[in-house]
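Working notes for the structure below.
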Amino acid sequence: MLESLKNKAIGSYLCLAAALVALGTGICFLMTQESAAPLGHTGTMPGLVLLVGAVLSIVIFLVPVRFGAFIQAAVYNVALYLVVVQLYFVFADVINHVTFAGGNPTLCVFYMVGTFVAALLCVIACFTEQTKDSEVVAPKRDFAFGIALALVAVVAITSLSFTGVTQTGEAMASSEGASIDDIYDMNIADNTFATMSIEELAAIPRSQWEAKEANGEIAYFFEGQYTEGFSTIVDPACLDMYCAMDGSMYGSFSGPVTSVGGGNVLYVYGYWYNHDEKGDRNLVVHITGTLDTAGNTRAVNVDGGEDADVFIFDTEHGDYTYEASLSFGVSGGMFTRNINIYGMPYAAASSMTIDSSNLRTFYTGDAFDADELVVRAVRANGSDESIWNGRLSYEGFDSETVGTKTVTGTFLGQSQTFEVKVEQLVTESIDGTYELVSGEAPVAMDANLLIDYSHKTVTISAADGSASISGTIVSATDDVVTATLNGSQPLEIVLSGEEGARSAVIPAHDEVVTGWTGSTTYSIGECSFGSLE
C-alpha cells in the first residue's frame with residue numbers, strides 16, 4: 001500500500017480532492033435541499049450521484065485503473081447537469097426580487113460551485129499523469145476493472161433514478177388524499193358559477209369580486225410565474241387567482257417584463273371545486289375566460305392549447321401547500337405560455353409599502369397607470385417581495401376634474417394611500433390633408449392633426465380611420481412645435497391664427513415605416529391643416 005501511494009502522481013491526488021469536495025457537497029445537499037431548492041424542484045438525485053462519484057473516486061484512488069479520471073469526470077458532470085437543471089429557478093427570483101419559486105440562493109450556489117469544482121478537478125486530472133510508474137498498473141486487469149466500475153456506477157445511478165421516480169409517484173398518489181381539501185368543501189354539482197359564461201362572469205362589477213376578499217370570503221389564493229426557459233427572465237406578476245368560498249374564481253393576469261404580460265392586465269374569471277361529478281376528491285380550478293381593460297371578453301380556447309381545468313396537487317415549501325402547471329393563452333389567444341402556480345389557504349399580506357415619489361402627473365381624461373409605483377409587501381410566509389403594481393387594485397382615482405386625488409392601493413388585504421395629481425389636458429386639433437402611407441406609397445387624404453401638449457405627442461389620423469402616424473414633441477411655443485413624426489428627424493410645425501381658427505403647416509420630410517420585412521423611407525410633401533388665408 002505504501003509503495004502504491006508513493007507511486008501516485010498529481011492526477012490521482014486531483015481526483016481524491018474531487019472526491020472529498022463531492023462528498024461534502026453531496027452530504028450538505030441531501031441534508032438541506034428540501035428547504036433550499038426552489039418550490040416544486042426538490043429531489044435527492046444530484047446529491048446521490050455526488051456520493052456515488054465520491055465512492056467511485058476513493059475506490060479508484062486505492063485501486064488505480066486506466067481511464068479512471070475520465071470515468072470520475074463523467075459522473076461529476078452528470079451531477080453538475082442535474083444540479084443546474086434542478087436549481088436555476090432560484091436565481092430568477094433573486095434577479096427579479098420575488099419569491100415565487102422560493103429557495104435559498106446561497107446554498108444553491110454552494111451546491112453548484114462544489115459540484116463544478118469536483119467535475120473540474122477530474123477533467124484536469126484527465127490530462128495529467130495518474131502514476132509515476134505506469135508499469136505498476138496491469139493494463140488488462142485494470143481496464144477490465146475500470147469497465148466494471150463504470151458499469152456499477154451506471155447501474156447505481158440508474159437505480160437511484162428509478163427510486164426517485166417511484167418516490168415521486170408515491171408522493172403524487174398521496175397528494176390525492178384528504179389533505180388537499182380538508183379546509184373547504186365545494187361540490188361541482190352545487191357550484192352555480194360552473195354554468196356561467198365568461199360574458200356573464202365579466203358582467204358582474206369588479207367591485208363585487210374584490211369585495212369578497214375584503215369580506216373574508218376567499219378560501220384559496222394562487223399566484224403564478226412564467227420563466228423564459230434557461231434565460232432566468234421571470235415575469236414578476238403573471239397569474240393571480242382568488243378562489244372564493246361561494247365557488248367562484250377571479251384574478252388577474254399581468255406583467256411588465258416578458259412576452260407574457262407586456263405591461264398589460266387581463267382579468268381572469270372561472271370557478272373551483274374539490275368534489276367532482278363522481279364525488280371524488282379532486283381540487284380543480286377552472287378558467288372560464290378573460291376580460292381585457294378595453295372590455296373585450298374571450299373564452300378559453302382548449303383547441304388552441306389552453307388549459308381550462310387546472311388540477312391542483314399538494315406540495316410543501318414554506319407556507320405554500322398547493323401547486324400546478326397550466327398553459328395560458330396570451331395575445332388574444334394567438335399562442336400559449338406555460339405558467340407554474342403555487343397556492344395556499346388564503347392568508348392576507350402582513351404589511352405593504354407604496355413609494356409614489358416618481359409617479360407621473362395625470363391629465364383630465366387619463367386612465368390610471370401606476371408604472372412608476374414601487375411596491376413592497378411582506379407575505380404570509382415572511383418573505384419581503386417587490387410586487388409589480390399591476391397586481392394591486394386601486395380605488396379613488398378620478399380624472400374628470402383637476403386636483404390632487406387620494407388613491408388607495410390594495411394587495412392581499414393590505415392597503416396604503418398615496419396622492420395623484422391631475423391637471424387640465426391641453427390639446428389642439430386641426431383638420432386638413434396629409435400624405436399618409438397606405439399600401440406601398442404615401443396618399444394624400446383628409447386627416448386630423450392632434451397636438452397633445454400635455455403628453456408631448458403628435459398624432460395624424462385619416463378621417464376614415466384607415467391610417468395614422470404618431471410622433472413626439474421635442475419643444476413647443478405658440479407659433480412652432482418641433483416634433484418627430486413616424487421616425488423622421490425633428491421638424492418644425494408652423495402654427496398661426498387665433499384660437500378657433502388655427503392653421504398649421506408641416507414641411508416636406510422623410511418618414512420611416514418599419515414592417516416585418518424591414519424599414520422603408522418615404523418622402524412626404526408639405527401638408528397643411530386649417531385655413532391658411
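Annotations for the structure displayed:
- Considering (1) within 30 Å of Ile460 (Cα to Cα); (2) out of contact with any Gly (no Cβ under 8 Å at 6 or more places or on another chain); (3) buried (at least 17 other Cβ atoms within 10 Å of the Cβ), the lone condition that Met344 does not fulfil carries the number (1).
- Residues in segment 449-464 that are touching a residue at least 24 places away in the same chain (Cβ under 8 Å) and within 20 Å of Ala483 (Cα to Cα): 9 in all.
- Answer from Val422, Val407, Val375 - the residue that is assigned to a strand (DSSP E or B), within 27 Å of Ile95 (Cα to Cα) and among the aliphatic types (A, V, I, L, M): Val375
- Residue match in segment 369-391 (condition: free of Cβ contacts under 8 Å to residues at least 60 places away in the same chain and of a type in the set (Ser, Thr, Tyr)): no
- From Val494, Val513, residue being within 28 Å of Leu425 (Cβ to Cβ), part of a strand (DSSP E or B) and either small (Gly, Ala, Ser) or not assigned by TED's automatic domain parsing to the domain that holds Arg360 (or both): Val494
- Count - residues of segment 347-372 that are out of contact with any Ser or Thr (no Cβ under 9 Å at 6 or more places or on another chain), loosely packed, with under 13 Cβ neighbours inside 10 Å and not in a strand (DSSP E or B): 3
- Selected residue (criterion: modelled with the highest pLDDT) from residues of segment 35-81 that are over 14 Å from Leu16 (Cβ atoms) and among the aromatic types (Phe, Trp, Tyr): Tyr81
The values are calculated or read from the model by the stated rules, or taken from the named source; none is laboratory data. Everything numeric here is computed off the predicted structure, so don't read it as measured data. Every residue, glycine as well, gets a Cβ built from its backbone with ideal geometry; the counts of neighbours run over all protein chains shown.
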